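Single-structure report; data block below.
Read-outs throughout are calculated quantities, based only on the coordinates presented, and are distinct from any laboratory measurement. On a predicted model such as this, the values are computed, not experimentally measured, just so you know. Cβ: placed from backbone, ideal geometry, glycine included. Neighbour counts: every protein chain shown.
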Amino acid sequence: MDPREHIRRRFSSQLDGLRALAALVAIMWAVEVVNLLDSYRLDSNGIVPRNVSHLDGIVFAPFLHASLTHIIGNTIPLVILGAAIALAGARRLLSVTAIVALVSGLGVWLISPSGSDTVGASGVVFGYATYLISRGVFNRRLAEVALGAIVGVVFGGVLIVDLIPHAGISWQAHLFGGIGGVLAASTLADPARRRGAGAMASYRPLG
């Protein structure tokens with residue numbers, strides 16, 4: 001067998017996950033180019049709190065950014081953290097992304113100040129980080145716990161600082177994105193491992 005074909009077959013799930021991540025980033029940057037050429041008028045399609053007609057902004061907001069600096073600042077951690085998730089496959093990456101974006105977007109829509117318009121993928125970035133930090137706890141896998149600890153050390157300071165309210169920055173997106181990441185880790189945890197852990201916890205020796 002061709003060595004390249006062997007590698008493709010052996011790592012097909014990981015490659016599919018990385019392709020899915022590349023597609024998400026490519027869409028984000030394609031939208032940025034169009035938005036830039038249109039003087040960022042697409043940003044009006046972001047999340048407008050408690051405005052029912054702008055509920056679709058929950059879907060659009062992660063792909064919209066206010067400037068090149070904004071999108072670059074989100075792309076770098078998104079790719080790093082997303083790649084770690086993508087190694088579990090495209091379905092896992094897309095599932096985590098959907099849960100995180102939904103929870104983050106709904107949180108922004110519910111509690112952000114009236115009249116604001118929130119755009120950007122930072123909520124998803126926060127969700128990716130908290131997913132990786134908490135995943136090992138739910139799956140009870142040592143390697144995932146170790147990776148989560150590394151993510152916590154590398155990104156923990158930034159995560160904490162960005163939860164502090166700053167002018168022009170949506171701490172609401174960060175907070176609810178982080179909550180979404182933990183929810184994704186719990187929802188997508190390996191059920192067999194959780195059942196096994198529960199059985200061990202309920203075991204009591206006789207005599």
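Tabulated values for the structure
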read-out: Shape metrics for segment 38-112, restricted to C-alpha atoms - Rg then Dmax, Å; value: 13.7, 38
read-out: Using a Förster distance of 35 Å, the FRET efficiency for LEU163-ASP16 (Cβ separation, nearest 0.05); value: 0.60
read-out: Computed [θ] at 222 nm, deg cm²/dmol, the chain (DSSP H ≥ 4; -39,500 (n - 2.57); rounded to nearest 500); value: -23500 deg cm²/dmol
read-out: Tail fraction, Cα-Cα pairs, segment 1-160, threshold 29 Å, whole percent; value: 24 percent
